[in-house]
Amino acid sequence: MMKHVAASLTALAILAGPTLAQDASSCDPAKLAASIDRYAQEPFSARSWRVLQGLGDPMIEPGSADGDTWSQQEEWRKLVTQILPEEQDLQNVGWNCRIGYPLSVLKTRIDQLGAQDPYVKQWLMAQQQVIRACSSDDGEVALPEPLVDEPAVANRQKVDRAYQEASIAFYRDKPKAIPLFKAIASSNSIHRAAAAYNIANLLANAKQPVEARAAAEAILADPSLSSVHQITQQLLGYIANQEDTAQGWSGIIDGDIAILETPSEAILASDDMKRQYGIALYDIDFVGIRGKDGDWWLDGTLPADATISKSIVDASRQHPMALWMMAGQSANQKYQLAPWSLVGDKWQASMTNYIGKALAVQPTGAKLSGPTLQMLKALAAKTDDAARAELWSQANQAMDAAVKSCGTAPETAAAGFLLNHATRLSALAGKYDEAEQGLAAAPIKSTRAYSGLALYNLAQYMASQGDTAEARKLRDQLITPDVLNSLPGGDQTTDRNRFSALLALIAEDRVHWKDAVLRSSDPPSDITFNFLPTKTLWELAADQSFTPRDRALLARAAWTRDYGLKRKVDGDHLATLHALNPEIKEIFDKVKADYPGISPRNQRLLTILRSPPHNILVSMPGGWQNESIRPDSFTEIDNYNPNDKNWWCPYEPDRQLGALRQQSDDMAGFPVYFDYQMKRLGDAYDPALRQPLAAKRDAVLKAHPMVKAVDWKELGALSRMAQGPERLSDAAIDWAKASGGKDGAPEALALAVRTTRYGCNWHGGHGRYSKAAQQLLASKFAGTTWQKQTPYWFDCRRTEWTKDYSEKVTTCKPMTWPKQAPLK
């Protein structure tokens, strides 16, 4: 729990305490946006509190004491490689080895003597034994014979070897290590401070907290041991965890908060303070100053013999920062878990009660003021005219202050948060024009707080309420191409993809829908593609707006549908398929080269048999997000998802309709895991608000231009057609019956049997045609390579969990999905 990580300075500008007004024209927009978004992302964090209080942000990241382990190991490796390049064991330090102190000793000896001095090399050979002791429990370890040298070196060698002997015992024989370290700590050795710390550490790890605390406090009381004071202070956190007393936990919390409320100037003036700040920033969450389930801590309701719970309650009464962070994170978490469409009377009552209790905590509640108080109250603000006007005024003041100071004013940490909640109040009040006007006037449009929070949340709310006309109006006025183009790309495409899905749902025609899906990082992942008529897929495959890879997928799905429905598949469509899928063309040509006399029909068949990714779908539904069906290989079997990626299954209407509805629900803020999330909403959640949303969603879908263009008759035919393994096996059997064996028929039979093993398995067994193909191969083409490679036939391949989820068993039952109402 009390694990610490090392802090690291970022390259961003420092937010110092009191700020001066700055000419907005000289402000770097990227710097301003970064400042606002940094705190809008974690509005009730310790960093936000500091900025709001005028303490500044030293721009040090949370970290722990062992966070620099990797960098220390790398520095050790480089130094040792330069001195003793042949000693690989010495260079490669095990994870359990504490290399920080040995590294500092090595650097000291190099500074004193030079890297190539014989003593430095001898010290390293001795340290190699310590590394062997900490890297493995196997084998005996012993220090090498010492150098024979002058008295001064002999004394240095004596103290170094004593510490190395104790270090070996630290890893191999801890009881023996304590007296060895005690002897060093009581001497005038340069290692006495490190030895004293190791004694406290060993006692703590031996679960002797009383003795460990005494040793740690003795270190902190000795100024001559100041070099280990910081790490000893961290050790006290571990000891407090073992003791588990309210007093011990309160000491840790009080210490962390004292550091976190130190002005930036003082933190940045000392490397030691920088490190302590990073650790405190990391620790504050782990000691319990974070969001809470329930309001027990506000009521002061504690179990018998409470320890950390009592320290948390005490902290909320002693430190306004602790009260603000816990109350804010607890309430704000619900807004992060649920969309605005679930905010109703029950939610409002819950928030009013919770924030009211938090502000009633004394004396800390009365000490909250300014933006810190405004942020808490915003969580429980009502939608009446006065409340909306007040919150918009506060949001505008915070944004103006942020802009005028170029992101250095304390209000910067509240600007994005207040804008989001001011927009929320207007939306919930049905005052869409008010929300749009407020957003249009917002001077922070380059921030994610504006686009990814306030603007997106408003559009999401409109769409989930079925107000597509209002959502389109918002799109045309504020969700401009400039805003969309400013959203992060590359690995940070979350906001782009969210807007893509939202705009695709509210599109009034094919042009707007296509423009929306093209903004996604994976356009064909939209489930709507699976509903499009084959004719439309061919049209989109010719559309240069899509990438070549996406056009290849669209052509592949269209051609395979035509093949499965026994439509014409040669001519222009085959040429297009091959032009966009050169991998398939290569297989097609190879079939002809292997069997020059093969017929065009059988050439196509064998090409499909050699190339598993002939699918009728474009998007693969399932999991937490949909993805387009893009094969890693055109010849290899996909062992993870045979039903979507190896040949084809018939169209599954219930599966696809369910996926289309879930895609809309995802956009509306109800992901597949929402039922789990809603448990964390507690008494704020009102199921009655969610029930009408399904009807509104279906109304939007039924009116959607791409859904209205669906050829339901064709989808019905696709759902009734033979699955890939059946269609391909029957065709291979017909071919083989009339074949003399030189035209590729034996290979076709063998590969047909392969489809029954690795192809679609959701639609019952394959026994009839798999057995027929394998036996025909065995009887008519015995002795061929293909016959020898095909000793078995296959039937049922689908597996499912037993009722107790103890194991997976094979079943012949077809896969089923929840029954879906039509969207006609």
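The values are calculated or read from the model by the stated rules, or taken from the named source; none is laboratory data. In this text, all values refer to a predicted model and were calculated from it rather than measured experimentally. Positions of Cβ are generated from backbone atoms using ideal geometry, with glycine treated the same way; all protein chains shown enter the neighbour counts. All accessible areas refer to the heavy atoms of the entire protein, side chains included, with ligands and DNA or RNA removed. Shrake-Rupley method; radii C 1.70, N 1.55, O 1.52, S 1.80 Å.
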Can you pull out the residues in the range 539-565 that are surrounded by fewer than 19 Cβ atoms within 10 Å (Cβ to Cβ), in a helix (DSSP H, G or I) and within 32 Å of the chain's Cα centre (by Cα)? 548, 549
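One line per residue, one yes/no per condition, for (1) touching a Phe, Trp or Tyr at 6+ places or on another chain (Cβ under 9 Å); (2) farther than 19 Å from residue 297 by Cβ:
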| position | (1), (2) |
| --- | --- |
| 330 | yes, no |
| 334 | yes, no |
| 345 | no, yes |
| 352 | no, no |
| 358 | yes, no |
| 365 | no, no |
| 380 | yes, no |
Scanning the range 479-538 residue by residue, those open to solvent by 40 Å² or more (accessible area, probe 1.4 Å), of a type in the set (Asp, Glu) and either over 20 Å from residue 453 (Cα atoms) or touching a residue at least 60 places away in the same chain (Cβ under 8 Å) (or both) turn out to be 508, 509, 515
How many of the residues making up the range 106-121 are surrounded by 15 or more Cβ atoms within 10 Å (Cβ to Cβ) and either over 24 Å from residue 85 (Cα atoms) or out of contact with any helix residue (DSSP H, G or I) (no Cβ under 9 Å at 6 or more places or on another chain) (or both)? 0
Report the residue count in the range 770-807 for those that are over 17 Å from residue 757 (Cα atoms) and hydroxyl-bearing (Ser, Thr, Tyr). 6
Residue 116 fails exactly one of the following numbered conditions: (1) out of contact with any His (no Cβ under 9 Å at 6 or more places or on another chain); (2) within 22 Å of residue 272 (Cβ to Cβ). What is the number of that condition? (2)
Residue pairs qualifying under the 7 Å Cβ cut-off, at least six apart or on distinct chains, with the first in the range 97-119 being under 18 Å from residue 157 (Cβ atoms) and the second being part of a loop (DSSP other than H, G, I, E, B), are 118/147; 119/147
For the subset of the range 718-743 comprising residues that are touching a residue at least 60 places away in the same chain (Cβ under 8 Å) and among the aliphatic types (A, V, I, L, M), which member is surrounded by the fewest Cβ atoms within 10 Å (Cβ to Cβ)? 722
Would a scan of the range 402-414 turn up a residue that is part of a loop (DSSP other than H, G, I, E, B), of a type in the set (Val, Ile, Thr) and in contact with a helix residue (DSSP H, G or I) (Cβ under 9 Å, 6 or more places away or on another chain)? yes
What are the residue pairs meeting all of these: first residue in the range 376-397, first residue at pLDDT below 95, second residue open to solvent by less than 20 Å² (accessible area, probe 1.4 Å), Cβ atoms under 8 Å, and 6 or more apart or on different chains? none
The number of residues in the range 191-206 that are hydroxyl-bearing (Ser, Thr, Tyr) and open to solvent by less than 10 Å² (accessible area, probe 1.4 Å) is 0
For the range 684-717, how many residues meet the condition of being charged (D, E, K, R) and surrounded by fewer than 13 Cβ atoms within 10 Å (Cβ to Cβ)? 3
Within the range 173-232, which residues are of a type in the set (Asp, Glu), within 43 Å of the chain's Cα centre (by Cα) and part of a loop (DSSP other than H, G, I, E, B)? 173
Picking from 90, 124, 143, which residue would you name as being more than 22 Å from residue 224 (Cβ to Cβ), more than 44 Å from the chain's Cα centre (by Cα), of a type outside the set (S, T, N, Q) and open to solvent by less than 40 Å² (accessible area, probe 1.4 Å)? 143
Is it true that residue 677 is within 26 Å of residue 644 (Cα to Cα) and either acidic (Asp, Glu) or out of contact with any strand residue (DSSP E or B) (no Cβ under 6 Å at 6 or more places or on another chain) (or both)? no
So residue 446 fits all but one of (1) touching a residue at least 24 places away in the same chain (Cβ under 8 Å); (2) of a type in the set (Gly, Ala, Ser); (3) outside any loop (DSSP other than H, G, I, E, B); what number is the exception? (3)
I'd like the full set of residues that are open to solvent by less than 50 Å² (accessible area, probe 1.4 Å) and either among the hydroxyl-bearing types (Ser, Thr, Tyr) or part of a loop (DSSP other than H, G, I, E, B) (or both), limited to the range 146-168. 163, 167
Considering only the range 44-62, state which residues are open to solvent by less than 10 Å² (accessible area, probe 1.4 Å), in a loop (DSSP other than H, G, I, E, B) and touching a residue at least 60 places away in the same chain (Cβ under 8 Å). 44, 56, 58
Given the structure, is residue 587 farther than 18 Å from residue 726 by Cβ and in contact with a helix residue (DSSP H, G or I) (Cβ under 7 Å, 6 or more places away or on another chain)? yes
For the range 775-809, which residues satisfy the criterion of being farther than 18 Å from residue 649 by Cα, open to solvent by 80 Å² or more (accessible area, probe 1.4 Å) and modelled with pLDDT under 95? 801, 803, 804, 805, 807, 808
If only one of 617, 606 is surrounded by 24 or more Cβ atoms within 10 Å (Cβ to Cβ), part of a loop (DSSP other than H, G, I, E, B) and aliphatic (A, V, I, L, M), which one is it? 617
Log entry, pairs with first residue in the range 326-353 being of a type outside the set (S, T, N, Q), second being in a loop (DSSP other than H, G, I, E, B) and open to solvent by 50 Å² or more (accessible area, probe 1.4 Å), beta carbons closer than 7 Å, six or more apart or on different chains, reads 326/290
Evaluate the following for residue 423: is it part of a loop (DSSP other than H, G, I, E, B), surrounded by 19 or more Cβ atoms within 10 Å (Cβ to Cβ) and more than 23 Å from the chain's Cα centre (by Cα)? no
Suppose we keep only residues that are of a type in the set (A, V, I, L, M, F, W, C) and more than 49 Å from the chain's Cα centre (by Cα) within the range 734-750. Which one would you say is nearest to residue 612 (Cα to Cα)? 745
Give me the residue from the range 284-299 that is among the small types (Gly, Ala, Ser) and open to solvent by 30 Å² or more (accessible area, probe 1.4 Å) and, out of that set, farthest from residue 323 (Cα to Cα). 294
By residue number, the members of the range 233-283 that are open to solvent by 50 Å² or more (accessible area, probe 1.4 Å) and in a loop (DSSP other than H, G, I, E, B) are 244, 245, 261, 263, 269
Could you go through the range 654-668 and let me know if any residue there is in a loop (DSSP other than H, G, I, E, B), buried (at least 18 other Cβ atoms within 10 Å of the Cβ) and hydroxyl-bearing (Ser, Thr, Tyr). no
Name the residues in the range 746-789 that are touching an Asp or Glu at 6+ places or on another chain (Cβ under 8 Å) and hydrophobic (A, V, I, L, M, F, W, C), would you? 762, 786
